[in-house]
Structure formats: structure tokens, C-alpha cells
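As C-alpha cells, the structure follows; a few thoughts come after it.
The values are calculated or read from the model by the stated rules, or taken from the named source; none is laboratory data. What you see is a predicted model, and the numbers here were worked out from it, not measured in a lab. Cβ atoms come from the backbone with ideal geometry, glycine included; neighbour counts cover every protein chain shown.
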Amino acid sequence: MQTLDLATTSLREMNATLQAQKDQTNATQWSIENPRGAHAIAVGLDAPIEVTVRGSTGYYCAGMNKQATVHVTGSAGPGVAENMMSGTVIIEGDASQYAGATGRGGLLVIKGNAASRCGISMKGIDIVVQGNIGHMSAFMGQAGNLVVCGDAGDALGDSLYEARLFVRGSVKSLGADCIEKEMRPEHLEILRALLERAGIDAKPEEFRRYGSARKLYNFDIDNAAAY
Amino acid sequence: MCGIVGLFLKDKSLEPRLGQLLTEMLVTMTDRGPDSAGIAIYRGGDAALSKLTVQSDQADADFATLAADLGAEIGADVSMRRADSHAVLSLPADKAQDARAALATLRPGLRIMSDGANVEIYKSVGLPKDVAARFDLAAMSGTHGIGHTRMATESAVTTQGAHPFSTGSDQCLVHNGSLSNHNNWRRKLKREGVRIESQNDTEVGAAYLTWKMQKGASLGEALEGTLQDLDGFFTFVVGTKDGFGVVRDPIACKPAVMAETDQYVAFGSEYRALVNLPGIEAARVWEPEPATVYFWSH
Amino acid sequence: MNDHDKRIPQTVPIQSATFTNPINAEIRRAAATGIYDIRGGGAKRRVPHFDDLLFLGASISRYPLEGYREKCDTRVTLGTRFAKKPIELDIPITIAGMSFGALSAQAKEALGRGASAAGTSTTTGDGGMTPEERGHSTKLVYQYLPSRYGMNPDDLRRADAIEIVVGQGAKPGGGGMLLGQKISDRVAEMRTLPKGIDQRSACRHPDWTGPDDLEIKILELREITGWQAPIYVKVGGTRPYYDVALAVKAGADVVVLDGMQGGTAATQDVFIENVGLPTLACIRPAVRALQDLGLHREVQLIVSGGIRTGADVAKAMALGADAVAIGTAALIALGDNDPKWEAEYQKLGTTTGAYDDWHEGRDPAGITTQDPDLAARLDPIEGGRRLRNYLKVMTLEAQTIARACGHNHLHNLEPEDLCALTMEAAAMAQIPLAGTDWYPGKPGTSY
């Protein structure tokens, strides 16, 4: 285990060190001490390393992650794992708004609650939230899966494309062009696998599935009010 | 566009540290607002007395014999405590209106930052750490306070444009965001006789609350009104004599984090602002919901 | 009819200046279809522009430089504020962001070839970076847009600069809707969208709002790219003084300011024609913001929107820009709206010079299309040669003017080298009306 202490190491040095592991992957275990809500911690990583951030982070922790596993023991600020490509990001606490925004791959697990716009514009990422999510989540979601074990806020899946949304609790309201869809066996399988990967004990059968009604896919005057 | 901090103490033993804790929170938000900074601090007052916080660009001249001059003018004992460009005048509460009127002629260059039994407002252009040092904010004790660091968007970088804005006796407001219909509201409120001095959107937000409450609304009702009447993006934090409140617009894009323990309730634009608070690791930390008014009081 | 009636003069038909034929046609079109008009390009209405300014050549009070012989430098370095690797360009004319998707792969390649041959940069667009484009561009600016289509850290690190797009001149404050015709298999895959659907794009970035957040976003992008590449921030011209100041406060290395004549692949006509400031009116407030912050020339300003000639380049620079960007003009250089396709334009119900249905993907010139047969009409090598020639001519033109004003570098052009032909241009550019020392809002000096 190698330690980088943000009380004594600059953000630049910490990120440069972790980013350099792409070419020298002997050191696979890293610990980041004293994050104290700092922004852009462990961004742009591209190596199969495991990074544990001991505390809470500011904006964009693990942004654009590839391959790495980033584990935050506290809560994460806005835009955690934004545009993640691959790898795994786990937040023990809560996540602020924009969690997993525009993510293209990998798995984001939030053990607490996620605030508004969770999975906004998601493009292939899988997001599993053990608690609740806030309003406008999965807005314009294009691909990937968003699993919510708790409740969802207002306007879930507004202007949704092909992202799949699974919610176990209540949905305060659905956004434009988002509808409940039939949960077929293949969806239960996807869900079971995601919950297992996230290490969350929940029954897939208790979830409902939501997806795009696809009415906004090509302009039709009869749907103008939904734009 | 800014950073906001707020700290409401439940545990009296923390009161001597209020200024120090708030100053640390404020300085952490420098990146969000490097242009100016301000703080409203509520500290135990004598209900029979009113405090007027005044500011002057020519403080030495204006403050020299101010207490005596004002006392003679309104026929009451006036004491004064100076902090750099600001001074706090203490006088009998029933003379507060007289004092406001008298100051306008005695010292036309003075600006009244706040009045009330408990509130004092200090604000200035400059980096938050410099502003805090100028007023020695860290040494101030109190029950609760709110602070603001400003990145000016469309109005001038002046003391006048700095937050907090006073909205009435013992009331003040800070704002992060950008209102999009403040010009229409400024015109309307001016027609209604509400005093507005700057082109700042937040001052209009403050004036709006003052106006609503003059018309009989409670602070909670006035805050509810902002959700209907004010357009654009806002997170407001307001201070009152014995509490503070938070409201975010329905879109709620601007960041807001709250933390609560047995000892305090705290607000920060970012979690970073809260990390020095005692026991923050064990605090309940959450984000205020959109279009929801939150309020804590003693 | 009796003789008396014949003597009464008849009224002649008078067309309304308010309800013109084009307006009436648009009302009928809206009534028939129920959707607003979407088109490409920039504002077509006449607005005060660089044409309304003239240069004051040197004579006795100042001395001109000898054309072709005495040096008139054109080089510009962008991103000197924070980036470890600023961009060095031979000429101050760059190619603006236009997406693969909006344009064919061949057109993107041609832009890369032409710009590289001329020693300048080209820019990706809303749709990601293609290998063809990267391969053919020696200097490539990678746009960071609200949609984030195709965004990935590898391309980010391959970029020579990153341009955070907040807005564009054709539609400041707008997202938009691109109809599905151009979402081909490859475009769909790059954007992670189903083929053939309308693309609705957001007007705000998904994970930040406002300058205080932007500062943190810029920090993240710099941390991912090791502080190497310059970060540009692009805004549409609306409140340039404030927007430029805030982009700079948020940490931009370069500000790109796009006036309302700037083009777009597809936006509502009502947006293009009715929102935004003319380019001419944008520049002085933007420069003043940089001067007030003490950062003019340290944070570089790129101006775009209706730049067509070397004279436009010189005028923008005299008003304080460090460089310009061209989009529509580059497409015309490649062959867009060329008269040789007139018969085909007629079939599409339009004519040479008026073709703006770039979103429909049926461009006869093969530029704004994803149709393989149409796209094959543009030879990227020939297109690149044409663009290089055009950039060369514009540079020579700008140098000709600068020398005539006595300058050995385009950067040394000043507002005082200009006069204005109209009151409007004088007011907007704060340039004295020709023959006077006065512009609206300024007291005269009596020299």
C-alpha cells in the first residue's frame, strides 16, 4: 500500500503519480489521505490500480476513470466519476449532483443517496445507488443502466434515449418520454448481475423498469408539448 | 456566482469560536468568490438596544466624533465600536429610526449595513482572507452567522455590491446564482417605495423579502414567494435574529451542502467549507432539496 | 363601365413592408407543418459589420511598409497564460469547430489538410474526434460540449488545445435539435445514439453551471491533461464584457467569442436571426474586459462570426482580437454553395448562395452530409488545397493592409487605424465616424 497525503502532497503531484501508473503497474494499492473535500482527486487514471480515498471529496472525483478502482470512504461532491470509461468507483457515503454524468462505461456504486441529475446524459455506464436519487436523474440518458434501491425524485429519465432505469422504491414523477416498461427475464438477469457486482443484497423482482417511450425520437407535432 | 457559508450553533460552548469557524469556512470558498467577501454575525444583544452597523469610505473622518454627534442629535446615549471601515453604534432600540434619519444628514457618506438587536454585517472588496483579517472576524463570538464570497457576474465589484444584504431589522440574505428578472422587480419594488441602491440582482432578492414581510408575510412565506416570483438560479441563505433559513430554486443547479450535529447546523456551497467543523466526520450531511424552504431557530 | 369610371385612377398593388412575401410564406409553412424552421448557417439579415469600417492608410503623418519586402509578421501564440504547451500558429486565422456528423469525413479531412498546410489549427465539433481528423491536423482543438458525444480522456490528451463550448453565436443560450437524417451508423456509434433519430442537445453542460463551477471544471480538465494543453472557453456574443471577464476569472487561457453571424449545423431560424450580438459589436467590450483585468494579449481573444476576407481579419485584430476563426467561409472555400451545383440546388427548391438546409444531409457539394455518394463528391486533397489557398490569400490581404498602415506585425494594428462609415458601426465598434474624431457616446477632442 502506497500513501499519498494531500496535507503534504499537491493535487498535481498526486494525480501525476497515479496517472503515471499506466506505465509502471507494480504498485497496485494506493491510499489518499486528507482529501478534505478537494476537487479533481484521482482523475484521468488509466491503470488497473486500487485507490482508496479516505474521507470526502469535492467535485469530479475519479473523473474520466479508466480501469482503476477508486473507493471513497466518505461522501463525494458533484460530478463523481463523470465521463467514466471503465473500472469501478465506489462511494461509501452520499454523492452530490451529477454522479456518473456522461459516463461511458464501468461501474459506479453509491452506498448512500445520490442527489439530483444522477446519471445525467449517461452513455453506457452502470450506476447502482443503494439509497435514493434526486430530481432530473438520467436526464437524456443514452445508454447504460441506473439501478436505484431507494426512491427516485422528480422528472426521472426526462428526454431519455436508451438507458435502462430500475427503481425499487417510489418515483416522484417521470420526465417527458419516460415510461414504466415490462420487466422481462433478460432485465432481471441484468439487474441481478449489477446488484451482485455492486455487492448489494436486493431482490431484482422488487424493482420496476423504466425506459424511453421513444415518442420524441422523431419530431411529431402531436408530441410538441413534451419538448 | 459565489460561495456561501452559514453556521448556526446549538451548543453554547461553541459560541466563542463562531467567528473563527466561520472565517475558516469563508476563506475555503475563496475560489468561488475572489472579488469580495462579507459576513453577518449574530451576537447576544440587549433587547433594549439596537445596533447599527455603518460603513464609510472615509472612516477616520466620519467616525471621529460620530457617537457624540449622533447622541446629541437623537438625545440618547450612543456608544460606538469601530472595526476598520465599519463601526457598530449601540443606542436605545426606540431611537433606531431617529438614528437612521439623523445619520443621513450628519454623515451623508455613511452606509448603514444593518440594524437590529443582534446582527452586525461586515463586508468589503478583496480576497476573503484579507477581508476577514481587516475586521478580525475570527475573534468574534456569536450564536450564528452567514458569510459570502463573491465572483461578480454583471454588477460592479464594490462594497455596495458585496453580500450579505440587509433585508430588515436583524435580517440578511446571501445568494449564489444569477437572477434573470431582477430588473423588472427592481423597478416594481422602487415604485413600491423599497430602497434599492445597486444594480445587483441579490439586492433585489433582499428587497423582495423586505417588501413581502412589510406586507405581512412571515419570513417563511416570503421565502416561499421567491419560488414563484424570482426567475433564474438561486440558492439563498437568510439570517434572522434567532435562526437561519435556506431555499434553492426549483432547478437547483448551484451547489449546496448542509451538515447537522447536536452542536450545530452548517451550510456550505461545497463540502470543503465544512471540513474544519468539530465532529464533521459524524455529522448528518445532505443536500437541500429544490424549491424547499428550510429553517432553524433557537 | 362608363366613361366616368374609366377616368378614376386605380390603386396599384402595394406589398406590405411588415407582412412581406417571405414572412407570409413562413406563416403558411408554420401553419402547414407545426414545426419551426430549422436550418444551417448564420444570420442572413443585414447587421452592421466589418464592411462598415475602413482603414486609414499611412502617408505623411505615418509611413507605410513596402509590400512583399518589408516584414509583416503574422504569427500568433495562443494559450500562454497557464498551459505548458501553448499553440503556435503561422497565421492568426483558425478553423472553427464543426462536427463530424454535421460535416462528412472527407470535409473534415479537407479542413485538416488545408489548415495544416497553412500553419494553423482546426477544431473538432459536437460529435467527437475522428482518426482522420487527428491524422490530418497538425494542430487540433478538441471541443468540450454539453452533449459530450464521444468524449474520452485519450482524445483529450491527443488534443493540442481543449475548447469548452459554453455557447455559439448562432444560438447563444440554446441547445437545439438536429433532425435524424444525418445520424448515420458511424455518427450514431460515435455519439452512442440510435441511428436515424432526432438529436436533442442540451443548452447547459451536464455537470457544471456558472463561472464558480467552471473554474473547478477547468481544474479537472487540466489535471487530466497534465496542464499541457491550453484551455479555451467559447461563448456566443451576448454580454461579452461579463462573459469574457468571467471566463478569464474561471481560468481560461484563451477566449473564443462568436458573433451572431457565426454559423451552425442546425438551429431554429428564429434563434439564428433574433438572438445575439453582431460580431462587430462584440469585440470592444470583450477587449475592455481583458484590459480591465490587465490580461489583454496574455489571455488571447479569438473572434469569429462572419469573417470572410483579409480585411475582416485585419479589422478584427485592429479592434483587439489576437486571432479569428472561420467556419462558413471555410466551407465555401471547399465548395459549399458553388454555382456548379445550381441545377441540384434548384431541385431542392433553393439556389446557389441560399442553400442552408445543412441539417437535411442532401448537400449537393457533399460537405454537410453523411450520404456516401454525395460525400464522395468532395476530394479531401483538392479541398485541402483550396482551403490552404484561401487562408493564404486572406493572410496576404491582411498583411497588405497592415503594411499600408505602417505595421510590421498584424498584432500592431490598432483601433486608431480605422474609421467608420455609418453611425451604427461607429457606435458599436467605438470607431470615429469617417472624417470626424467622434463616435456616438464619445465627446470630440478637437484633435
Filter result (among the small types (G, A, S), under 12 Å from the mean Cα position of the chain (by Cα) and more than 9 Å from chain C (Cβ to nearest Cβ)) within region A:54-68: A:A62
Scanning region C:182-199 for residues that are in a helix (DSSP H, G or I) and farther than 17 Å from C:M151 by Cα gives C:K182, C:D185
Does A:A176 satisfy being in contact with a strand residue (DSSP E or B) (Cβ under 8 Å, 6 or more places away or on another chain) and either closer than 19 Å to A:K123 by Cα or within 14 Å of chain C (Cβ to nearest Cβ) (or both)? no
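Consider A:S159 carefully, then state whether it is in contact (Cβ under 8 Å) with a residue 12 or more places away in the chain and facing another protein chain (nearest Cβ under 10 Å).
Criteria met by A:S159.
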Counting only residues that are in contact (Cβ under 8 Å) with a residue 40 or more places away in the chain, out of contact with any helix residue (DSSP H, G or I) (no Cβ under 8 Å at 6 or more places or on another chain) and within 11 Å of another protein chain (Cβ to nearest Cβ), which one in region C:201-238 is surrounded by the most Cβ atoms within 10 Å (Cβ to Cβ)? C:K217
Among the listed residues C:A316, C:A321, C:A311, identify the single one that is assigned to a loop (DSSP other than H, G, I, E, B), in contact with a helix residue (DSSP H, G or I) (Cβ under 7 Å, 6 or more places away or on another chain) and touching a residue at least 24 places away in the same chain (Cβ under 8 Å). C:A321
Would you confirm whether any residue within region B:175-196 is in contact with a helix residue (DSSP H, G or I) (Cβ under 8 Å, 6 or more places away or on another chain), under 16 Å from B:V293 (Cα atoms) and at pLDDT below 95? yes
Looking at C:L413 and the list (1) crowded, with 24+ Cβ neighbours inside 10 Å; (2) within 22 Å of C:G262 (Cα to Cα), which single condition is not satisfied? (2)
For region B:105-161, which strands (runs of 3 or more DSSP E) that fit wholly inside it have 1 or more residues that are within 14 Å of another protein chain (Cβ to nearest Cβ)? B:144-150
Which pairs have Cβ atoms under 8 Å, sit 6 or more apart or on different chains, and link a residue in region B:28-40 that is under 13 Å from A:H39 (Cβ atoms) and at the interface with chain C (Cβ under 8 Å from one of its Cβ atoms) to one that is among the small types (G, A, S) and not in a loop (DSSP other than H, G, I, E, B)? B:D31/B:G3; B:R32/B:G3
So if I check each of C:G276, C:G294, C:G263, C:G251, which one is crowded, with 24+ Cβ neighbours inside 10 Å and under 25 Å from C:G79 (Cα atoms)? C:G263
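Grab the helices (runs of 4 or more DSSP H) fully contained in region C:330-415, keeping just those with 2 or more residues being farther than 21 Å from C:A316 by Cβ and in contact with a Leu (Cβ under 8 Å, 6 or more places away or on another chain).
C:380-404
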Name the pairs whose Cβ atoms lie under 8 Å apart, with the first residue in region B:186-210 and among the acidic types (D, E), the second part of a helix (DSSP H, G or I), and 6 or more positions between them or separate chains? B:E192/B:W211; B:E197/B:E203; B:D201/B:H182
Can you find even one residue in region C:140-163 that is among the basic types (K, R), away from chain A (no Cβ under 14 Å) and surrounded by fewer than 24 Cβ atoms within 10 Å (Cβ to Cβ)? no
Looking at region A:8-30 only, could you name the residues that are in contact with an Asp or Glu (Cβ under 9 Å, 6 or more places away or on another chain), touching a residue at least 24 places away in the same chain (Cβ under 8 Å) and more than 25 Å from C:K217 (Cβ to Cβ)? A:Q29
Write out, first by first residue and then by second, each pair whose Cβ atoms fall under 9 Å of each other, whose residues are 6+ apart or on separate chains, and whose first residue, in region C:161-186, is on the phi > 0 side of the Ramachandran plot while the second is of a type in the set (V, I, T). C:G173/C:T238; C:G173/C:V275; C:G176/C:I38; C:G176/C:T264; C:G176/C:T267
Which ones in region B:19-42 are within 18 Å of B:Y271 (Cα to Cα) and assigned to a helix (DSSP H, G or I)? B:Q20, B:L21, B:L22, B:T23, B:E24, B:M25, B:L26, B:V27, B:T28
So, first residue at the interface with chain C (Cβ under 9 Å from one of its Cβ atoms) and part of a loop (DSSP other than H, G, I, E, B) in region A:117-130, second residue surrounded by fewer than 24 Cβ atoms within 10 Å (Cβ to Cβ) and β-branched (V, I, T), Cβ within less than 9 Å, six or more apart or across chains; the pairs are none
Quick one: how many residues across region C:186-200 are among the small types (G, A, S) and more than 9 Å from chain A (Cβ to nearest Cβ)? 1
Has region A:84-97 got at least one residue that is within 12 Å of chain C (Cβ to nearest Cβ), within 14 Å of A:V129 (Cα to Cα), touching a helix residue (DSSP H, G or I) at 6+ places or on another chain (Cβ under 9 Å) and not charged (D, E, K, R)? yes
Set C:T124, C:T120: member being among the hydroxyl-bearing types (S, T, Y), without any contact (Cβ under 8 Å) to a residue 40 or more places away in the chain and away from every other protein chain (no Cβ under 14 Å): C:T124
Is it the case, given these coordinates, that C:A427 is part of a strand (DSSP E or B), modelled with pLDDT of 95 or more and crowded, with 16+ Cβ neighbours inside 10 Å? no
Here is a list of conditions, (1) over 22 Å from C:G384 (Cα atoms); (2) within 12 Å of the chain's Cα centre (by Cα); (3) not aliphatic (A, V, I, L, M), and C:G305 meets all of them except one; can you say which number that is? (1)
Within region B:248-263, how many residues are surrounded by 24 or more Cβ atoms within 10 Å (Cβ to Cβ) and closer than 18 Å to B:F295 by Cβ? 4
Residues that are out of contact with any Lys or Arg (no Cβ under 6 Å at 6 or more places or on another chain), assigned to a strand (DSSP E or B), farther than 30 Å from C:I23 by Cβ and not charged (D, E, K, R), drawn from region C:215-272: C:I231, C:Y232, C:V233, C:V235, C:V254, C:V255, C:L257
